[in-house]
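As structure tokens, the structure follows; a few thoughts come after it.
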Amino acid sequence: MIKIWGKIVKNNKILKDAVVTSDIEGTYQDNLKQCINELCYKFDIQKPYWLPTNMEEYNKRGKTIFNSHNFMEEIDFDKFIIEELDAKK
């Protein structure tokens, strides 16, 4: 099971946040993808593109920040942050 905390931030203020979990059969990546899809649906935003820096940051810290470079369309926030909670390290 994976638990992800997602936040939408603008001008250093959290506009929206939510915690989602996924326990589907499959790999860790499948569960992570499910959580991100659910957060994007809840926040009514498009799904971000993972750049190499996002993958590196998430693998090291269990957290990454998506900004305007990760979205094809314009966004009305500064950052979409995801962070794994209760990570087993």
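The values are calculated or read from the model by the stated rules, or taken from the named source; none is laboratory data. Everything numeric in this text was worked out from a predicted model, so none of it was measured. All Cβ positions, even for glycine, are placed from backbone atoms using ideal geometry, and neighbour counts span all protein chains on display. Calculation scope for accessible area: heavy atoms of the full protein, side chains included, ligands and nucleic acids excluded. Shrake-Rupley method; radii C 1.70, N 1.55, O 1.52, S 1.80 Å.
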**Q.** Column: log10 I(q)/I(0), Debye, Cα scatterers of the stretch 1-78, q = 0.13, 0.17 Å⁻¹
**A.** -0.39, -0.69
(Q) Per DSSP helix of 4 or more residues, -39500 (n - 2.57); summed, then divided by the residues of the chain. What does that give at 222 nm, rounded to the nearest 500? (A) -9500 deg cm²/dmol
Q | the stretch 21-89 - percent relative contact order, Cα under 8 Å, separation 6 or more | A | 21 percent
**Q.** Protection-proxy order for peptides 56-64, 68-76, 32-40, each taking the mean of Cβ atoms within 10 Å per residue, highest first
**A.** 32-40, 56-64, 68-76
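My understanding is that a pair violates if its Cα-Cα distance is over 22 Å; which of 10/47; 10/33; 16/60; 3/42; 13/60 do that in this structure? Mind dumping the intermediate values first?
Values: 10/47 18 Å; 10/33 24 Å; 16/60 25 Å; 3/42 15 Å; 13/60 25 Å.
Where the Cα-Cα span goes over 22 Å, the pairs concerned are 10/33; 16/60; 13/60.
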Q. Could you give the angle, 0 to 90 degrees to the nearest 10, between helix 28-43's Cα long axis and the longest principal axis of the Cα atoms of the chain?
A. 40 degrees
Q | Per residue accessible area in Å² of the chain, where ligands, DNA and RNA are left out and the probe is 1.4 Å | A | 69 Å²
Q. If Lys and Arg each add +1 and Asp and Glu each add -1, what is the summed charge of the other residues whose beta carbon sits under 14 Å from the beta carbon of residue 54?
A. +2
